[in-house]
Amino acid sequence: MTGAAPDRDDPLAFVRAAFDLPEGIIYLDGNSLGPPPRAALEALSHAAAHEWGRDLITSWNKADWIGLPMRTGDRIAALAGAPEGSVLCADSVSVNIFKLAAALVNAGAPAVAVEAGDFPTDGYILEGLSRLSGARFELLEPGAGPQTACEGGVLVKSAVHFRTAQIADIAAEEALAARRGVSIIWDVSHGAGVVDLNLAANGARYAVGCGYKFLNGGPGAPAFVHVHPGMADRLDQPLSGWMGHADPFAFADGYRPAPGVARFGAGTPAILSMTALHAALGVFEGLDMAALHAKAMRLGDVFLEGAARLGLESVSPGRGELRGGHVSLRHRDGYEIIQALIARGVIGDFRTPDLMRFGFSPLILSYDDAAQAARILCGIVESGAYKDPAFARRGAVT
Ligand SMILES: *Cc1c(COP(=O)(O)O)cnc(C)c1O
């Protein structure tokens, strides 16, 4: 595929203009840090200079800072297929997993489980919760799902796997979970903004996700937590700070949880970061998530086709199959190859021990970008250019 023809017919091509992208870069890391939408940069400088700089503390009311976590949550709910009012933007994914899993332990769950090889923080947090609460920590086999989790327990599971981009069948897993009384907390960090999660229709009751990946909220953007409206009022989350109180400005001595998912608030929200995320989410308005996912997969297909002659092992579902928004190829010298690609303007990332990850954000990339990135990858691998010692130096972040 040359890429030119599908780009001419791409109904999503116009979206790229909403972003401020550097010249000469093919950015294949929107799954790890989304690029800035122009609207996010504008909102950020307006909030800093005007709302904070001029209106000062009055902006809590005047700019509705106090309502920002739920307003931002509603934009996320819209693209994740969750009901309005069921998503709160707050904290990090790690902290939200803690709050949600702890609330389910408080409701009687005897164990907390994660699959081996899933995103590490998910398991780390559950280990800590286990030490604190006495709930048993279970490390399940990869892909084991709710069948092997403890009856009545909690399972934290990625909707799109960060290494392989394998998509979980949320509806099927929820059906299995229901039979055994397992509560699944879906970690949709690598899915939100790129796959059609359809949380409510698929029966997902609990979810957490990331604001800085495909949602393009900026480095360290706040995360989000979703609780099905029927469940939230029964949950007692232990980080019961004033921002989850029913009436924070009553300054009462006793804690009384806010109704619904708002009780998952804890401390004061990071207004500047959340302002950027809120504006970034505006890019998704009017876009069909199924169409975005289809484009992401086709971009990945074009890339895989272009790189096929290298014969590298892909750990992702293959060409034309269902997968999330990235593809991962295996190479012993993956780190060096990624560095050599970055030096040539193609930015992907490396996940130890040998995975090269390439993210295909359908908002910013053309089919020609995907084909060109594959050509540059082929050139680097076939010429051995990555063996230059300069590419072996490792930074703190890979
Ligand atoms: C990126 C990511 C996280 C990040 O967690 P933070 O606590 O927000 O840093 C968690 N889980 C998954 C699956 C991720 O991809």
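Where a number appears in this text, it was derived from the coordinates with a stated rule and is not lab data. Source: prediction; values computed, not measured. We place every Cβ from the backbone using ideal geometry, glycine too, and count neighbours over all the protein chains shown.
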Worksheet item: Considering the zone a paramagnetic label at Arg330 would reach in this model (a point 7 Å from Cα along the Cα-to-Cβ line), which residues of the range 129-163 have amide N under 17 Å from it?
Response: 142-143, 162-163
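If R0 is 35 Å, what FRET efficiency do you get for Ala290 and Asp64 from their C-beta distance, rounded to 0.05? Provide the component values of the computation, followed by the final result.
Working: r = 32 Å, r/R0 = 0.91.
Computed FRET efficiency for Ala290 and Asp64 comes out at 0.65.
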Response to the item:
Between the modelled labels at Asn198 and Ala171 (7 Å from Cα along Cα→Cβ) the distance in nm is 0.5
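Hey, what D do you get for the range 58-152 in µm²/s if you plug the Kirkwood alpha-carbon radius into Stokes-Einstein at 4 °C and 1.567 mPa s?
85
When the helices in the chain are scored as -39500 (n - 2.57) per DSSP H run of 4 or longer and the sum is shared across all residues, what 222 nm value do you end up with, to the nearest 500 deg cm²/dmol?
Details: 12 runs with 131 residues, N = 398.
It lands at -10000 deg cm²/dmol.
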Discussion item. Amide H of Leu199 versus every other amide H placed in the peptide plane: which residues, excluding those fewer than 5 positions away on the same chain, fall under 5 Å?
Written reply: Gly81, Ala82
Response to the item:
Over all viewing directions the Cα convex hull of the chain casts an average projected area in nm² of 20.0
Item to complete: For the range 159-282, just the Cα set please: Rg and Dmax, both in angstrom.
Response: 16.1, 48
Worksheet item: Not counting the cut sites, what is the longest span of the chain without trypsin sites (Lys or Arg not before Pro) that DSSP labels loop and that have at most 12 other Cβ atoms within 10 Å?
Response: 55-233
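Under the definition of Cα pairs under 8 Å and six or more residues apart, what whole-number percent is the relative contact order of the chain? Write out the running numbers ahead of the final one.
Numbers: 832 pairs, mean separation 87.6, N = 398.
Result for the chain is 22 percent.
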Discussion item. Can you compute the modelled spin-label distance between Asp55 and Ala308, with each label point 7 Å from Cα toward Cβ, in nm?
Written reply: 5.5
Response to the item:
Hull volume per residue for the range 209-316, using the convex hull of the C-alpha atoms, in Å³ is 166
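Full extension from Ala178 to Ser133: what is 0.36 nm times the residue separation minus their Cα-Cα distance, to one decimal in nm? Please list the in-between numbers first.
On the way: separation 45, 0.36 × 45 = 16.20 nm, distance 2.39 nm.
Using 0.36 nm per residue and subtracting the Cα-Cα distance, I get 13.8 nm.
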Worksheet entry | DSSP beta bridge pairing in the chain, given as percent antiparallel to the nearest 5 | 55
